[in-house]
Amino acid sequence: TAKEWQAIKTLFHHSCAYCGILESHSVKLTRDHLIPVAKLGPHTKDNIVPACQICNSRKGATIITHGPQS
């Protein structure tokens, strides 16, 4: 939900889970699945982290096996 997404971004201090860049007018955070839905990852709040578009695109369908920064 929108409320859960805001809570996730707050948990990560409104920054990218991978590179740490802060959300701003020019940097929008996107929802990134640690285990991609394409690889049967769940679409749940525990599987979603905020990512800038560059990191999200770079990650693609890679499964993250280590925890993101928080």
Accessible area (Å², per residue) of the chain, counting only protein heavy atoms and a probe of 1.4 Å: 66
Calculated from backbone phi, Karplus (6.51, -1.76, 1.60) coupling profile of the range 14-21 in Hz, x at Gly/Pro: 6, 9, 5, 5, 9, 9, x, 5
Degrees separating the helix 2-11 axis from the principal Cα axis of the chain, which is the longest one: 80
5 angstrom amide H check on residue 32, placed H, neighbours 5+ away: 49, 51
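Of all the accessible heavy-atom surface of the chain, with the other protein chains kept in place and a 1.4 Å probe, what percent is carbon and sulfur? Intermediate values should be presented prior to the final figure.
Details: 2790 of 4620 Å².
Summing carbon and sulfur atoms, their accessible area is 60 percent of the total for the chain.
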Accessible surface of residue 57 - all protein chains present, 1.4 Å probe, nearest 10 Å²: 80
Sites residue 26 and residue 58 - FRET efficiency at Förster radius 22 Å, r taken between beta-carbons, to 0.05: 0.75
Accessible surface, 1.4 Å probe, highest first, among residues 34, 40: 40, 34
Amide hydrogen neighbours beyond the local backbone of residue 15, cut-off 5 Å, H modeled: 23
Accessible area (Å², 1.4 Å probe, nearest 10) - residue 14: 70
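The values are calculated or read from the model by the stated rules, or taken from the named source; none is laboratory data. The structure presented is a predicted model; accordingly, all values stated were derived computationally and were not measured. Reconstructed Cβ throughout: ideal geometry from the backbone, glycine too, with neighbour counts over all protein chains shown. These accessible areas exclude ligands, DNA and RNA; they are computed on the full protein's heavy atoms, side chains included. Shrake-Rupley method; radii C 1.70, N 1.55, O 1.52, S 1.80 Å.
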